[in-house]
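Everything below concerns the one structure shown next.
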Amino acid sequence: MKQPITYELLHICKQTGARRGIIHTPHGDIQTPIFMPVGTQATVKSMTPEELKDEVKAQIILSNTYHLYLRPGHKLVEEAGGLHKFMRWDRPILTDCGGFQVFSLSDLRTISEDGVEFKSHLDGSKHMFTPEKVMEIENSLGADIIMSFDECCPYPSTYEYAKNSMERTTRWAKRCKKAHQKPDKQGLFGIVQGGMYKDLREKSAKDLVAMDFPGYAVGGLSVGEPKELMCDVLEYTTKFLPENKPRYLMGVGTPDYLLEAAVRGIDMCDCVLPTRIARNGTAMTWNGKVVVRNATYEKDFSPLDTECDCYTCKNYTRAYIRHLVKANEILGIRLLSIHNLRFLTKLMERVREEIENDNLGNFKDEFYKKYGYLK
């Protein structure tokens, strides 16, 4: 059987070991490393598909299994022809498994070997996610890349809890693979867990690799632990993932974390951060964050970022965007969202270029100085 998801390694940065590659999918190729905008409910908030393609230059977007299961329902999406047709997006889509959302409702869910019983955040109704149910939902949604059902281990966790959680995630991964009904059309990724314990991360990775998934995600990082610990655990974990398959670090979207992930051989990252902070009136720029709602920008008639090529920066000023945000006009959120998403896709374009030039380490140091991060 031909795999729907394959990875082509193009270059390894001599300076850092970062990877430059291409992920081939049924809906097109993805140049990596890549940042993936999140379209939780079959939409990247306030963005049209055309804006995502033409202005943001997004290659792939994410949608959320938990939210789409609750509303409008995966069977309705399937009846519409799958997510691609439902939302008019003709490029690759990844659906997460809904595990993070289920487990973040800590006072409303019960974990067992069978799965997780939880209450809907919408109406309090009871539901059950098992590995088999999650596969049914993701098969109906029809994304190119789908994720196995995992338990996102909280930070901090005891060794015993992390071990039991990781082993359950491995057993659930086996059940997901068995229940997956469209292996010729959708690539199912396994998710490495194990908390902050390196031996558990190693075992999780080795057990999943033995199952021969077409790609692997690293979950349970960037959940509140110090940055240095995240980087250390990630660097250790990626050693056990195959070079010929995609590697995905889940839930990461700040520029420094995207750079640290790339340096450690990660191909894919995602996060709701750029659109979330846009709704709070904050822009990412090549010189650090700009909280445009602040009074200092009231008469600032320069663009958000003079180095940015996005629609927002080519056409509007900080003063105007500040006015829109202060007046609660939707256009302000839209313009900031376009900019923040384009900033991150542009950053990853530069990362790919610097990898090819064997210069990613120098670029990272220069970016940190300019952006305001400490090394």
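Table for the structure above
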| read-out | value |
| --- | --- |
| Long-range neighbours under 7 Å by Cβ, at least six apart or interchain, first residue among the hydroxyl-bearing types (Ser, Thr, Tyr) within the stretch 318-347, second surrounded by fewer than 20 Cβ atoms within 10 Å (Cβ to Cβ) | SER337/LYS45; SER337/SER46; THR345/LYS57 |
| From the options ILE23, ILE60, residue that is closer than 20 Å to LEU141 by Cα and touching a Pro at 6+ places or on another chain (Cβ under 6 Å) | ILE60 |
| Criterion: open to solvent by 30 Å² or more (accessible area, probe 1.4 Å) and assigned to a loop (DSSP other than H, G, I, E, B) - qualifying residue of GLN15, GLN101 | GLN15 |
| Pairs, first in contact (Cβ under 8 Å) with a residue 12 or more places away in the chain in the stretch 191-210, second of a type in the set (Val, Ile, Thr) and assigned to a strand (DSSP E or B), C-beta under 8 Å, six or more apart | ILE191/VAL218; VAL192/VAL218; ARG201/VAL192; SER204/VAL192; ALA205/VAL192; LEU208/ILE191; LEU208/VAL192 |
| Residue that is farthest from ILE30 (Cα to Cα) [pool: residues in the stretch 264-294 that are charged (D, E, K, R) and open to solvent by 30 Å² or more (accessible area, probe 1.4 Å)] | ARG293 |
| Evaluation of SER157 against (1) modelled with pLDDT of 95 or more; (2) in a loop (DSSP other than H, G, I, E, B); (3) within 27 Å of ARG71 (Cα to Cα); (4) not aliphatic (A, V, I, L, M) (one fails), failing number | (3) |
| Subset of the stretch 350-365 [in contact with a Lys or Arg (Cβ under 8 Å, 6 or more places away or on another chain), within 18 Å of GLY21 (Cβ to Cβ) and open to solvent by 20 Å² or more (accessible area, probe 1.4 Å)] | ARG352, GLU356, ASP358 |
| Helices (runs of 4 or more DSSP H) contained entirely in the stretch 264-347, each with at least 3 residues that are under 27 Å from ASN64 (Cα atoms) | 273-279 |
| So HIS121, is it open to solvent by 60 Å² or more (accessible area, probe 1.4 Å) and outside any helix (DSSP H, G or I) | yes |
| Selection count, the stretch 73-94, where residues are outside any helix (DSSP H, G or I) and either under 21 Å from the mean Cα position of the chain (by Cα) or within 14 Å of THR40 (Cα to Cα) (or both) | 9 |
| The listed residue being acidic (Asp, Glu) and in contact (Cβ under 8 Å) with a residue 60 or more places away in the chain, out of ASP123, ASP144, ASP114 | ASP144 |
| Which listed residue is part of a loop (DSSP other than H, G, I, E, B), modelled with pLDDT of 95 or more, open to solvent by less than 50 Å² (accessible area, probe 1.4 Å) and more than 16 Å from THR65 (Cα to Cα), from GLU225, GLU202 | GLU225 |
| Count of residues meeting criterion [over 22 Å from THR345 (Cβ atoms) and either surrounded by 20 or more Cβ atoms within 10 Å (Cβ to Cβ) or not hydroxyl-bearing (Ser, Thr, Tyr) (or both)] in the stretch 235-254 | 10 |
| Contacts under 6 angstrom Cβ, first residue in the stretch 251-266 being within 22 Å of TYR7 (Cβ to Cβ), partner modelled with pLDDT of 95 or more and of a type in the set (Lys, Arg), 6 or more apart | LEU259/LYS364; GLY265/ARG19; ILE266/ARG247 |
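The values are calculated or read from the model by the stated rules, or taken from the named source; none is laboratory data. This is a predicted model, so every value here is computed, not measured. Every residue, glycine as well, gets a Cβ built from its backbone with ideal geometry; the counts of neighbours run over all protein chains shown. Keep in mind that these areas ignore ligands, DNA and RNA; they rest on the heavy atoms of the full protein, side chains included. Shrake-Rupley method; radii C 1.70, N 1.55, O 1.52, S 1.80 Å.
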